[in-house]
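Chemist: To start, I am sharing the structure in question, which I have written as structure tokens.
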Amino acid sequence: MKTLYEKKVVKFGGSSLASAEQFVKSANIIKAESVRRYVVPSAPGKRFDGDTKVTDLLINCYNQSVSSGDWEATFDKIEERYNDIIKGLGLTTDLSGEYAIIRKALAEGTTLDYTASRGEYLNGLILADYIGYEFVDAAEVIFFDENGKFDASYTNTVMAQRLSGKRNAVIPGFYGSNPDGTIKTFSRGGSDITGAIVARAVMADIYENWTDVSGFLMCDPRIVDNPRPISIITYRELRELSYMGASVLHEDSIFPVKIASIPINIRNTNRPEDAGTFIVTSTDGYKTDDIITGIAGKKGFSVIRIEKDMMNSEPGVGMRVLKVFADLNINFEHIPSGIDTMCVVVNTDDVKGREYDIASSIQKSVNPDHIHIDNNMGLVAVVGRNMAGQPGTAARVFSALARKDINIRMIDQGSSELNIIIGVDESSFTRAIKAIYKEFCN
Ligand code: ADP
Ligand code: ASP
Ligand code: MG
């Protein structure tokens with residue numbers, strides 16, 4: 001088929017490559033356009049509700065290798081998953097040598113990252129064989145520095161050079177290598193990042209991210225039934241939504257493509273006829289009446305509330321409070337504050353068991369009247385480029401929640417007016433998202 005584009009990078013998520021049947025759908029999509037030249041596969045995902053992703057099986061395997069030493073049965077299951085795919089596709093690919101290498105590594109005490117990365121590696125070998133594309137090991141083209149940080153510039157140089165002479169290639173997602181050559185993975189869902197890195201390196205016209213939903217939906221389909229799809233969204237809006245839990249696309253996959261202004265198109269492998277969502281730098285020229293673009297949320301936050309009379313007239317209090325968190329190596333999410341109070345919102349996992357350290361350090365540093373730590377908060381982000389300069393949006397959010405008797409524990413609105421963040425009790429989290437969706441999208 002002829003398209004507007006000359007070069008596409010296509011990433012297929014776990015569900016798109018979970019079984020031979022899904023492989024066939026993905027391969028048909030690749031073959032439908034010869035410009036789909038560079039392919040980034042994930043590891044096989046869930047085939048049905050209750051199934052286990054291969055990455056999770058590999059992680060279990062690693063954990064068993066360090067705890068009981070009983071990992072072989074789990075690895076048998078992994079081999080079975082791949083062998084089923086190979087057989088189902090009618091291939092003769094022989095992965096027995098590869099399995100033996102991984103088994104040997106596990107027996108000799110390899111790392112978690114190496115083990116987890118093998119899901120993508122093996123799937124990449126099968127896919128490359130099936131579609132007849134060259135396999136390029138991500139370990140040879142994606143690099144992390146000595147601090148474990150992704151080395152964007154070196155990676156881009158090496159990958160661009162390596163792929164420049166190749167008409168087609170399969171590059172497995174999720175991992176790269178450390179300076180000493182050992183394997184390192186991105187965080188979970190990281191194949192999205194690999195796709196974006198490849199798109200930048202080959203200067204693709206578009207990065208297609210194929211998954212199991214017809215694009216980015218206005219909110220999580222597991223919370224609201226059949227939410228409306230978003231047809232176009234900016235990188236900045238998407239990052240806000242992904243960061244706040246809309247898990248379709250890894251939040252860090254925006255950076256490589258944003259630098260090169262490459263649009264991302266989220267598509268559904270099971271419904272390739274749907275246009276999906278376009279993620280772009282600017283939506284100039286594209287008019288929409290929607291005030292909000294999407295809603296996302298995450299549970300598991302804690303609020304540390306610091307009260308001190310006349311706090312606002314004492315210079316440096318905020319800085320000293322934040323220094324306590326920096327010294328304890330705790331990231332903060334938000335810092336809503338009032339005249340005599342300052343709240344620091346953090347991930348509960350980061351503060352669990354360290355409440356005493358935090359409170360005593362703050363006590364020493366700013367001598368407050370009162371410190372209170374409150375757990376079980378959910379944050380809901382209402383995101384929309386059209387909220388700026390549109391009076392009454394926040395009021396509509398608040399009244400929608402009030403009508404459902406939902407108490408708002410925190411409010412934070414960035415001055416760019418791109419989002420409004422609301423803290424609610426975890427028990428009313430789902431109801432809050434439903435109420436806001438209903439207010440703006442029905
Ligand atoms: P893949 O395995 O293809 O990378 P993911 O499971 O990482 O796919 O992401 C797709 C899933 O994200 C969907 O199946 C859906 O359940 C979930 N999801 C959460 N929020 C949203 C949203 N706002 N729009 C679409 N999907 C969402
Ligand atoms: N397979 C990895 C995971 O499950 C990476 C990915 O799917 O993007 O997290
Ligand atoms: Mg994913």
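The values are calculated or read from the model by the stated rules, or taken from the named source; none is laboratory data. Owing to the predicted nature of the structure, the values given are computational and were not obtained by experimental measurement. Note that we place each Cβ from the backbone using ideal geometry, even for glycine, and neighbour counts take in every protein chain shown.
Chemist: So which of Arg396, Arg409 ends up being farther than 30 Å from Arg320 by Cα and either surrounded by 16 or more Cβ atoms within 10 Å (Cβ to Cβ) or in contact with a helix residue (DSSP H, G or I) (Cβ under 8 Å, 6 or more places away or on another chain) (or both)?
Modeler: Arg396
Chemist: Check whether at least one residue in the stretch 169-183 is within 19 Å of Ser42 (Cβ to Cβ), in contact (Cβ under 8 Å) with a residue 24 or more places away in the chain, away from ligand 2 (no atom under 16 Å from the Cβ) and in contact with a Phe, Trp or Tyr (Cβ under 9 Å, 6 or more places away or on another chain), and report yes or no.
Modeler: There is at least one residue in the stretch 169-183 that is within 19 Å of Ser42 (Cβ to Cβ), in contact (Cβ under 8 Å) with a residue 24 or more places away in the chain, away from ligand 2 (no atom under 16 Å from the Cβ) and in contact with a Phe, Trp or Tyr (Cβ under 9 Å, 6 or more places away or on another chain).
Residue-by-condition table, conditions (1) under 27 Å from Arg167 (Cβ atoms); (2) of a type in the set (Val, Ile, Thr); (3) out of contact with any strand residue (DSSP E or B) (no Cβ under 9 Å at 6 or more places or on another chain):
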{"position": "Val35", "(1), (2), (3)": "yes, yes, no"}
{"position": "Val40", "(1), (2), (3)": "yes, yes, no"}
{"position": "Lys46", "(1), (2), (3)": "no, no, yes"}
{"position": "Thr52", "(1), (2), (3)": "no, yes, yes"}
{"position": "Ser67", "(1), (2), (3)": "no, no, yes"}
{"position": "Glu80", "(1), (2), (3)": "no, no, yes"}
{"position": "Glu108", "(1), (2), (3)": "no, no, yes"}
{"position": "Ala116", "(1), (2), (3)": "no, no, no"}
{"position": "Leu122", "(1), (2), (3)": "yes, no, yes"}
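Chemist: Let me ask something else. Show me the strands (runs of 3 or more DSSP E) entirely contained within the stretch 150-219 in which 2 or more residues are closer than 27 Å to Asp274 by Cβ.
Modeler: 206-211
Chemist: Kindly provide the set of residues from the stretch 7-41 that are aromatic (Phe, Trp, Tyr) and within 16 Å of ligand 3 (Cβ to nearest atom), ordered by number.
Modeler: Result: Phe12, single match.
Chemist: Step by step: first the residues of the stretch 250-266, then only those that are touching a residue at least 60 places away in the same chain (Cβ under 8 Å) and in a loop (DSSP other than H, G, I, E, B), then the one that is farthest from ligand 1 (Cβ to nearest atom). Which residue is that?
Modeler: Per the criteria, the residue is Ala260.
Chemist: Just one of Ile131, Ile171, Ile197 is surrounded by fewer than 20 Cβ atoms within 10 Å (Cβ to Cβ) and closer than 15 Å to Val10 by Cβ; which is it?
Modeler: The conditions single out Ile131.
Residues are listed down the side, and each one gets a yes or a no for (1) loosely packed, with under 14 Cβ neighbours inside 10 Å; (2) assigned to a loop (DSSP other than H, G, I, E, B):
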site: Ile30; (1), (2): no, no
site: Arg37; (1), (2): no, no
site: Gly69; (1), (2): yes, yes
site: Thr93; (1), (2): no, yes
site: Thr110; (1), (2): no, yes
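Chemist: Filter the stretch 210-232 down to residues that are more than 18 Å from Lys298 (Cα to Cα) and touching a Leu at 6+ places or on another chain (Cβ under 6 Å), then give me how many there are.
Modeler: Total meeting the criteria: 1.
Chemist: In addition: Quick one: Thr234 ticks every box in (1) more than 14 Å from ligand 1 (Cβ to nearest atom); (2) closer than 24 Å to Asn386 by Cα; (3) surrounded by fewer than 18 Cβ atoms within 10 Å (Cβ to Cβ) except a single one, so which number is it?
Modeler: (3)
Chemist: Turning to a different aspect of this structure: Sort out which residues of the stretch 71-91 are assigned to a helix (DSSP H, G or I) and in contact (Cβ under 8 Å) with a residue 24 or more places away in the chain, and write them in order of number.
Modeler: Those that are assigned to a helix (DSSP H, G or I) and in contact (Cβ under 8 Å) with a residue 24 or more places away in the chain: Glu72, Phe75, Ile78, Arg81, Tyr82, Asp84, Ile85, Ile86, Lys87, Gly88.
Chemist: For the stretch 229-239, how many residues meet the condition of being touching an Asp or Glu at 6+ places or on another chain (Cβ under 9 Å) and among the charged types (D, E, K, R)?
Modeler: Qualifying residue count, the stretch 229-239: 1.
Chemist: Filter the stretch 261-291 down to the residues that are of a type in the set (Ser, Thr, Tyr) and loosely packed, with under 13 Cβ neighbours inside 10 Å, then identify the one that is farthest from Leu238 (Cα to Cα).
Modeler: Tyr286
Chemist: Looking at (1) under 25 Å from Val10 (Cα atoms); (2) free of Cβ contacts under 8 Å to residues at least 40 places away in the same chain, which is the one condition that is false for Ala100?
Modeler: (1)
Chemist: From the residues in the stretch 306-318 that are surrounded by 11 or more Cβ atoms within 10 Å (Cβ to Cβ) and of a type in the set (A, V, I, L, M), which one is nearest to Gly353 (Cα to Cα)?
Modeler: Filtering first and then ranking leaves Ile306.
Chemist: Give me a count of the residues in the stretch 234-249 that are in a helix (DSSP H, G or I) and within 15 Å of ligand 2 (Cβ to nearest atom).
Modeler: Selection size over the stretch 234-249: 1.
Chemist: Let me ask another. From Arg162, Arg222, which residue is away from ligand 2 (no atom under 16 Å from the Cβ), at pLDDT 95 or above and of a type outside the set (A, V, I, L, M)?
Modeler: Of the residues listed, the single one that is away from ligand 2 (no atom under 16 Å from the Cβ), at pLDDT 95 or above and of a type outside the set (A, V, I, L, M) is Arg162.
Chemist: Moving on to the next point. Regarding the stretch 185-207, can at least one residue be identified that is at pLDDT 95 or above, within 12 Å of ligand 1 (Cβ to nearest atom) and among the aromatic types (Phe, Trp, Tyr)?
Modeler: No; the residues of the stretch 185-207 include none that is at pLDDT 95 or above, within 12 Å of ligand 1 (Cβ to nearest atom) and among the aromatic types (Phe, Trp, Tyr).
Chemist: Find the residue count for the stretch 48-67, including only residues that are away from ligand 3 (no atom under 16 Å from the Cβ) and either in a loop (DSSP other than H, G, I, E, B) or surrounded by fewer than 16 Cβ atoms within 10 Å (Cβ to Cβ) (or both).
Modeler: 6
Chemist: Could I ask something else about it? What tally of residues in the stretch 273-293 results from selecting those that are among the aliphatic types (A, V, I, L, M) and under 19 Å from the mean Cα position of the chain (by Cα)?
Modeler: Going through the stretch 273-293 one residue at a time, the tally reaches 2.
Chemist: Just for the stretch 1-15: of the residues that are at pLDDT 95 or above and surrounded by fewer than 24 Cβ atoms within 10 Å (Cβ to Cβ), which one is farthest from Glu80 (Cα to Cα)?
Modeler: Among residues in the stretch 1-15 that are at pLDDT 95 or above and surrounded by fewer than 24 Cβ atoms within 10 Å (Cβ to Cβ), the one farthest from Glu80 (Cα to Cα) is Lys7.
Chemist: Using the structure shown, decide if Ser117 is within 28 Å of Val141 (Cβ to Cβ), buried (at least 18 other Cβ atoms within 10 Å of the Cβ) and touching a Phe, Trp or Tyr at 6+ places or on another chain (Cβ under 8 Å).
Modeler: When the stated conditions are applied, Ser117 passes them.
Chemist: Can you name the residue in the stretch 267-290 that is among the basic types (Lys, Arg) and in contact (Cβ under 8 Å) with a residue 40 or more places away in the chain and is also farthest from Ser42 (Cα to Cα) among such residues?
Modeler: That would be Arg271.
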